[in-house]
Amino acid sequence: MDDNKYEKILSQYNTDIDDELVKSEVENLLKNHLQENNTREVKMFLLNSVELTTLQTTDSEDSVLKFVEKVNKFDDVYPELGHVATVCVYPNFAKICHDTLENDEVEIACVSGCFPSSQSFIEVKVAETALALKDGATEIDMVIPVGKFLSGDYEGMCDEIAEIKAVCGDKKLKAILETGCLKTSSNIKKASLLAMHAGADYIKTSTGKLEPAATPEATFVMCQAIKEYHEKTGIQIGFKPAGGMKTVNDALSYYTIVKEVLGEKWLTNQWLRLGTSSLANKLLSEIEGKEVKFF
């Protein structure tokens, strides 16, 4: 295995990170900047960045159809509020989304590559991804092989990402790090950098199936990695926090970190996405100034 290649890549960056220092920096950043972003305008932007997600064992063609119909209806009920960025479903529902979604600007993301564990043969992951794309997926979310990363098999991890990206072609690939399993800021930084070098178009915190999911600290470290990678390569990589986003304040915290670490260039729904199933109604309620249960 050509481990030296990957160690050489990582040696270009600072990956020796103190977890307590990260925690302190995040606390200070949010203390100084969070409230200035607590505005209706920012909440509207966050609503437009939502990847509206249904990833349940009980999902069916009927439930996914109803899920998509709500996105279609939103344009009529709230024409002035734009739309969510994406619907995110299992690969076997790509076709029903493609056939029934009326807004061409809403992307169809499929979790692929044996989500959420990523434990299977690469041939199976490639086939699943190809089928999802054939059926209409416009973006693919894959979990990195976390076990390979943690055991030091950086080549194996990067090869899988590169193979899935090759199948995606010009369609966007999001690499899910499952940061709760990575444990340390140093590991999160390394996994972020390797995923980007391997071809991921976005890096994403979590599947939402394990705890802890997204955290402000993981977000801070991943955004630093994106910034340093962009400075070195000129390549802009998107960011997606997902899982555990329970409140509007959580979303505002992630927005604030992205704004302060990465800057205005990332504050579009092309570069910042929020993976959630429950947050859309809460954002909509605060925008409208009353409780709304639309989605």
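Select from the range 156-203 the residues that are farther than 17 Å from ALA132 by Cα and basic (Lys, Arg) and write down the one among them that is modelled with the lowest pLDDT. Only one residue tops the list, namely LYS183. Within the range 125-166, the set of residues being farther than 16 Å from ALA195 by Cα and β-branched (Val, Ile, Thr) comprises VAL126, THR129, THR138.
Restricting THR54, THR58 to those that are among the hydroxyl-bearing types (Ser, Thr, Tyr) and open to solvent by less than 30 Å² (accessible area, probe 1.4 Å) reduces the list to THR54. Each residue in the range 245-282 was checked for being of a type in the set (A, V, I, L, M, F, W, C) and closer than 16 Å to GLN35 by Cα, and 5 of them qualify. You will find that of LYS174, LYS190, LYS183, LYS232, the residue that is touching a Leu at 6+ places or on another chain (Cβ under 8 Å) and among the basic types (Lys, Arg) is LYS190 and no other. For MET245, the conditions (1) out of contact with any Gly (no Cβ under 8 Å at 6 or more places or on another chain); (2) within 15 Å of SER49 (Cα to Cα) are fulfilled apart from (1). Looking across the range 115-164, the residues that are among the hydroxyl-bearing types (Ser, Thr, Tyr) and either more than 30 Å from GLU102 (Cβ to Cβ) or in a helix (DSSP H, G or I) (or both) come down to SER117, SER118, SER120, THR129, SER151, TYR154.
For GLU25, indicate whether it is under 23 Å from the mean Cα position of the chain (by Cα) and open to solvent by 50 Å² or more (accessible area, probe 1.4 Å). Taking the combined requirement at face value, the residue satisfies it. Cβ-Cβ distances below 8 Å connect the following pairs, each with a first residue in the range 71-92 that is at pLDDT 95 or above, a second residue that is in a helix (DSSP H, G or I) and of a type in the set (D, E, K, R), and a separation of six or more residues or different chains: HIS83/ASP75; PRO91/GLU128. One residue stands out in the range 104-126 among those that are of a type in the set (A, V, I, L, M) and farther than 14 Å from ALA94 by Cβ: the one that is surrounded by the fewest Cβ atoms within 10 Å (Cβ to Cβ), namely VAL124. So, SER63, is that one surrounded by fewer than 18 Cβ atoms within 10 Å (Cβ to Cβ), modelled with pLDDT of 95 or more and touching a strand residue (DSSP E or B) at 6+ places or on another chain (Cβ under 8 Å) or not? Criteria not met by SER63. Quick check: anything in the range 75-92 in contact with a His (Cβ under 8 Å, 6 or more places away or on another chain), assigned to a helix (DSSP H, G or I) and over 17 Å from GLY275 (Cα atoms)? Yes, the conditions are met somewhere in the range 75-92. Remark: pairs (first residue in the range 214-243, under 17 Å from LEU29 (Cβ atoms); second residue open to solvent by 10 Å² or more (accessible area, probe 1.4 Å) and of a type in the set (D, E, K, R); Cβ separation under 7 Å; 6+ apart in sequence or on different chains) = GLU217/LYS23; PHE220/GLU25.
The values are calculated or read from the model by the stated rules, or taken from the named source; none is laboratory data. In this text the structure is predicted, and so the values were computed from the model without any measurement. FYI the Cβ positions are ideal-geometry reconstructions off the backbone, even for glycines, and counts take in every protein chain you see. We work out accessible area using only protein heavy atoms, side chains counted, and drop any ligands, DNA or RNA first. Shrake-Rupley method; radii C 1.70, N 1.55, O 1.52, S 1.80 Å.
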